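These notes concern the structure reproduced below.
The values are calculated or read from the model by the stated rules, or taken from the named source; none is laboratory data. Only a predicted model underlies this, so the values are computations on that prediction, with no experimental measurement involved. As a convention, Cβ positions derive from the backbone with ideal geometry for all residues, glycine included, and neighbour counts pool all protein chains shown. The area values use the complete protein model at the heavy-atom level, side chains included, leaving out ligands, DNA and RNA. Shrake-Rupley method; radii C 1.70, N 1.55, O 1.52, S 1.80 Å.
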Amino acid sequence: MIFIKSEEEIALMREPCRIVRDCLDFVGTRIRAGMTTEEVDRLVYDFIKASGAEPSCLGYCGYPASACVSVNEVVVHGIPSGRPLEEGDIVSVDLCAFKNGFHGDGARTFRVGEVSAEKDKLVRVTEECFFKGIEGLKAGTPLYDIGYRVQRHAEENGFSVIRSYTGHGIGREMHEDPSVPNFGRKGTGVRLKAGTVICVEPMIAAGGWRVRVADDGWTAVTLDGKPAAHYENTLVVRDDGVEILTL
Ligand code: MF3
Ligand code: CO
């Protein structure tokens, strides 16, 4: 069931969403070669706590950290570890903050120093996929138009769309209905109503879309070992467009 948010609820959601945005921006200024993914997680934890919010991911279904930190072939849900970032890596940082009774959720993929032309394009196209996906989005848009647009842009650029993870509704719970896939057929799916709050999060792979989950039960890696990127924002569907809460 899709919960439509009132203006009062949306006003409450702005704060956790702003914290997510500011935290991602902050992490982006700190990422560098030599830093471990655990150190990235510590920055996230401290930032969210100092903002008076709670890191929603910590303890969620037993997840052991405040952020997902996914390097190169890790698509999503990379568990922070002692692995040091290296020049040429791309690293996706995905995090959620809880405040005012609501969650905010966002992700960015950062380049560590100079990266290959392929990784550079992958990061750029993944961001573009988000903006293509929401182009023209407003009340009345069929849900799967988002995925249709994301997929078209990714595949036009020679990349593939991860199938087994999707965007989602968000609010008092981190994951609410509807599921928002990054692929689909134009003109299908429920027509989104004004006041629906969703996370649109393209996960795009340079090679094939197949993934496997590591023995830790979380870390999703591409089967072919090629890099993947992730970009996510929380947004409100409005009568005349969208309001992005984490930008
Ligand atoms: N932030 C992720 C999302 O985009 C969820 C992370 S799963 C968790 O939905 F276990 F780490 F919380
Ligand atoms: Co999300």
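Out of VAL180, VAL161, VAL213, I need the residue that is surrounded by 13 or more Cβ atoms within 10 Å (Cβ to Cβ), within 16 Å of ligand 1 (Cβ to nearest atom) and within 15 Å of ILE134 (Cβ to Cβ). Which one?
Working: VAL161 fails: within 15 Å of ILE134 (Cβ to Cβ); VAL213 fails: within 15 Å of ILE134 (Cβ to Cβ).
Exactly one of VAL180, VAL161, VAL213 is surrounded by 13 or more Cβ atoms within 10 Å (Cβ to Cβ), within 16 Å of ligand 1 (Cβ to nearest atom) and within 15 Å of ILE134 (Cβ to Cβ), namely VAL180.
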Seminar exercise, completed: Among (1) over 17 Å from CYS68 (Cα atoms); (2) open to solvent by less than 30 Å² (accessible area, probe 1.4 Å); (3) of a type in the set (Gly, Ala, Ser), ALA97 falls short only on (1)
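From the list LEU85, LEU12, which residue is at pLDDT 95 or above and either buried (at least 23 other Cβ atoms within 10 Å of the Cβ) or under 22 Å from TYR231 (Cβ atoms) (or both)?
Values: LEU12 fails: either buried (at least 23 other Cβ atoms within 10 Å of the Cβ) or under 22 Å from TYR231 (Cβ atoms) (or both).
Checking each option against the conditions leaves just LEU85.
With PHE102, PHE110, PHE159 as the choices, which residue is within 12 Å of MET203 (Cα to Cα) and aromatic (Phe, Trp, Tyr)?
Details: PHE102 fails: within 12 Å of MET203 (Cα to Cα); PHE110 fails: within 12 Å of MET203 (Cα to Cα).
Going through PHE102, PHE110, PHE159 in turn, the sole match is PHE159.
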Exercise. Looking at (1) of a type outside the set (Lys, Arg); (2) surrounded by fewer than 17 Cβ atoms within 10 Å (Cβ to Cβ); (3) within 16 Å of ligand 1 (Cβ to nearest atom), which is the one condition that is false for ALA53?
Worked result: (2)
Problem set entry | Filter pass, ALA65 being out of contact with any strand residue (DSSP E or B) (no Cβ under 6 Å at 6 or more places or on another chain) and in contact (Cβ under 8 Å) with a residue 12 or more places away in the chain | yes
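With the requirement that a residue be open to solvent by 10 Å² or more (accessible area, probe 1.4 Å), at negative phi and more than 16 Å from ligand 2 (Cβ to nearest atom), what does the range 216-241 give you?
Those that are open to solvent by 10 Å² or more (accessible area, probe 1.4 Å), at negative phi and more than 16 Å from ligand 2 (Cβ to nearest atom): ASP216, THR219, VAL221, LEU223, ASP224, LYS226, PRO227, ARG238, ASP239, ASP240.
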For this session: Search the range 122-158 for residues being without any contact (Cβ under 8 Å) to a residue 60 or more places away in the chain and open to solvent by 70 Å² or more (accessible area, probe 1.4 Å), and hand back the single one that is nearest to ARG185 (Cα to Cα).
Result: TYR144
